[in-house]
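Notes to accompany the following structure.
Just so it is clear, none of the values below were taken in a lab; they were calculated from the coordinates. Bear in mind that the values here come from a model prediction, so they are computed numbers and not experimental data. All Cβ positions, even for glycine, are placed from backbone atoms using ideal geometry, and neighbour counts span all protein chains on display.
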Amino acid sequence: TRVGYVTKTISCAIPATVKPTATFTLEDITGVDDVYGTPVQGLSRIKITVKGTPSYGSPIEAYKITANGSTYNAAEATTGTLKTSGESPVTATVTDARGRSGSVSYTMQVKVYDRPSVSGLAVHRCDADGTENDQGEYVRVSFNAAITDIGGQGKNAASYKLRYKQTSAANYTEVAFSDLAGRYTVSKAHIFKADSGSSYDIEIVAQDSHVTTTASTSASTAFTLMNWGADGTSLALGKVAERPNTLE
């Protein structure tokens, strides 16, 4: 026979240490880090795979990855190409059913990389010795170019070439500058024979192991104050007439 009862309430705090833990793996899916030892700016893309370990049975309900300036709410994510060089942090966070979170971070070391560049591209008509001559039968092409020696290891290829053709032609003539191969900062001038009655399309190509950069310009015909085309239907001012039925 019950003769009475009493009720008491207590609160049992779950210690702050009872929370999930996170680990992750990183993979440069481009394979660039296999060549240079670390990921490379502008080239590498990193796949991040997160694993959460529950604490005392409370299941993992959410994942978050922060890397390369972006946030991904998933257990696995692949970044875009890495935006910056130097230190690039990666953080993974897992949250369990209690709302408690555990995080882990790692700082990747990322090597500097810039795409090949061509600057100072200039052309002019000249004589065979390079003396500038508006009516010359040659064209002198000069340029500067730069390719990144990634990590200073000499592993990034470096090559340069000139491509030119008469504007009316379909195919280019190519001149590979073998003397510049493997050099990362170059300055070059080259002279080629060019019919004074034709204009020319000109390209300088700088190529490394990853990217090709092309800079384009053109060389005019030889200068003449006024010129009637041989077909009698074209007229050019300051150059030789090249196109029928056209005023140039």
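Out of S101, P39, S196, whose Cα points farthest toward the positive end of the dipole of the chain (charges: +1 Lys, Arg; -1 Asp, Glu; placed on Cβ)? Toward the positive end, the furthest listed residue is S101. The residues packed around S101, meaning those with a beta-carbon under 13 Å from its beta-carbon, carry a net charge of +2 if Lys and Arg are +1 and Asp and Glu are -1.
Shape call for the chain from the C-alpha gyration tensor, a ≥ b ≥ c root eigenvalues: rounded (a/c under 1.5), prolate (a/b greater than b/c) or oblate? Taking the square roots of the gyration eigenvalues as a ≥ b ≥ c, the chain is prolate. Here K165 is the anchor, and the lysines within straight C-alpha reach of less than 20 Å, apart from those fewer than 8 places off in the same chain, are K188, K193, K239.
Treat region 108-164 as a sphere of radius equal to its Kirkwood radius over Cα pairs and apply Stokes-Einstein at 20 °C in a medium of 1.002 mPa s; give the translational diffusion coefficient in µm²/s, rounded to a whole number.
Details: Rh = 14.1 Å.
Answer, rounded: 152 µm²/s.
Using 0.36 nm per residue and subtracting the Cα-Cα separation, the extra length available between E137 and S70 on full extension is 18.5 nm. Phi angles of region 117-125 translate, via the Karplus equation with coefficients 6.51, -1.76, 1.60 and θ = phi - 60°, into HN-Hα couplings of 10, 10, 9, x, 5, 9, 9, 7, 6 Hz per residue; Gly and Pro are given as x.
The Rg/Rh ratio for region 157-214, using Cα coordinates for both the radius of gyration and the Kirkwood hydrodynamic radius, is 1.02.
Gain in length, T212 to K8, computed as 0.36 nm per residue apart minus the alpha-carbon separation, to one decimal in nm?
On the way: separation 204, 0.36 × 204 = 73.44 nm, distance 7.75 nm.
Answer, rounded to one decimal: 65.7 nm.
On a per residue basis, the convex hull of the C-alpha atoms belonging to region 84-129 measures out at 116 Å³. Think of each Lys and Arg Cβ as +1 and each Asp and Glu Cβ as -1; about the Cα centre, that makes the dipole of the chain roughly 1800 debye. Pairs over the 23 Å Cα-Cα cut-off, from the set K111/K161; K19/K64; K51/K83; K19/K83; K47/K111: K111/K161; K51/K83; K19/K83.
Viscosity 1.567 mPa s, temperature 4 °C: give me the Stokes-Einstein translational D for region 1-76 in µm²/s, with Rh taken as the Kirkwood radius over C-alpha pairs. If you can, show how the numbers build up before the last one.
Details: Rh = 16.6 Å.
Stokes-Einstein gives a translational diffusion coefficient of 78 µm²/s.
Karplus-based coupling profile of region 147-162, in residue order and whole Hz: 10, 7, 7, 4, x, x, 9, x, 8, 7, 5, 9, 9, 9, 8, 9, with θ = phi - 60° in 6.51 cos²θ - 1.76 cosθ + 1.60 and x standing for Gly or Pro.
Each of G152, A75, Y113 was placed along the dipole of the chain (beta-carbon charges, centred on the mean Cα), and the one lying farthest toward the positive end is A75.
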